[in-house]
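To start, the structure under review is shown below, and the notes come after it.
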Amino acid sequence: MLPTGMDAQVSYAFHSERKLHPEKFKNQLVNQSTYAKLGCTQGWFAASVFHPSLKNVAQLAKVKIMKKHGQWQDLHIPQSIRSIICLNLPSFSGGLNPWGTPSGRKKNERDLTAPYVDDGLLEVVGFRDAWHGLVLLAPKGHGTRLAQAHRIRFEFHKGAADHTYMRIDGEPWKQPLPKDDDAVVVEISHLGQVNMLATQNCRSKSVNDVSSSTSHHNGEEDDDFSDEDDSRAEPEFRKFGAADTFRIPDEIDISQLS
């Protein structure tokens with residue numbers, strides 16, 4: 001997965017602070033509180049005030065996607081979006097699902113599907129600020145679904161900023177941006193896949209998994225969280241931290257593992 005913008009900037013600050021003072025990062029609770037504090041001090045809870053629109057993703061980069069092989073098309077990024085996440089599995093930031101499950105109406109109108117791990121598609125999700133990111137902790141919460149595509153390309157040109165922040169699989173970096181007529185191009189594509197072991201209740205599903213396609217047609221779909229949340233749905237509890245699906249089963253004795 002590749003976040004760029006707001007979330008990647010906070011990750012970079014967290015990474016830099018941990019390198020300077022590793023003794024301060026001893027447990028998960030301290031790490032999470034430090035991460036939240038950095039988000040506050042950098043102004044991401046009031047992004048419209050502390051971060052000018054000239055540095056939004058739409059102003060820094062031209063984004064293109066490839067939904068059909070060989071056919072690039074421009075992706076419209078709303079002016080309010082300050083962070084974009086590209087991922088190919090329904091797990092981000094400790095097990096949260098930024099994409100969610102699009103409703104039947106969204107599937108028909110925008111050709112959106114559930115986030116299968118082996119469909120060759122990347123989910124592209126946008127966030128306005130830190131408050132927008134917190135909706136992932138709510139039942140059926142998700143970000144702004146921008147697109148699903150086989151490839152996505154960021155073309156950075158000379159603009160209001162001389163750098164931006166990016167992150168791949170938890171490793172953040174500061175990406176220099178062009179100071180002249182050159183361009184910095186970052187392209188993400190689906191390369192291949194390998195078989196992985198998974199528990200029966202694993203959140204990640206295969207496009208060929210009968211149980212996953214059945215559940216998505218039995219009322220377990222959501223609409224846009226902002227204005228079409230279905231309060232009749234069964235409540236879903238989110239865990240902030242390590243994802244439930246990646247724990248070691250209770251019946252396994254860790255001391256016997258080699």
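The values are calculated or read from the model by the stated rules, or taken from the named source; none is laboratory data. Not measured: the values here are computed from a predicted model. Backbone-built Cβ (ideal geometry, glycine too); neighbour counts: all protein chains shown. To get the accessible areas, we keep the full protein, side chains included, count just its heavy atoms, and leave off ligands, DNA and RNA. Shrake-Rupley method; radii C 1.70, N 1.55, O 1.52, S 1.80 Å.
Could you go through region 98-109 in sequence order and give the Karplus-derived ³J(HN,Hα) for each residue, using 6.51 cos²θ - 1.76 cosθ + 1.60 with θ = phi - 60°, rounded to whole Hz, and x for Gly and Pro?
x, 8, x, 10, x, 6, x, 5, 5, 5, 6, 6
Filter the trypsin sites (Lys or Arg not before Pro) in region 128-181 down to the DSSP loop ones having no more than 10 other Cβ atoms within 10 Å, then list what survives.
179
Which entries in the list 64/158; 67/174; 55/106 go over 19 Å, if you measure between the two C-alpha atoms of each?
Details: 64/158 17 Å; 67/174 29 Å; 55/106 30 Å.
Distance filter (> 19 Å) returns 67/174; 55/106.
Please provide three numbers in whole Å: the alpha-carbon extents of region 49-189 along the principal axes, with the largest listed first.
Principal-axis extents of the Cα atoms in region 49-189, largest first: 45, 38, 28 Å.
Under 8 Å for C-alpha pairs, at least 6 residues apart: give me the relative contact order for region 83-165, rounded to a whole percent.
Reported as a whole number, the value is 31 percent.
Could you give the accessible area per residue of region 49-189, probe 1.4 Å, as a whole number in Å²?
Counting only protein heavy atoms, the per-residue value for region 49-189 is 46 Å².
Counting only residues 5 or more places away or on other chains, whose amide H sits under 5 Å from the amide H of residue 175 once H atoms are built in the peptide plane?
Those qualifying (amide H under 5 Å, at least 5 residues apart or on another chain) are 164, 165, 166.
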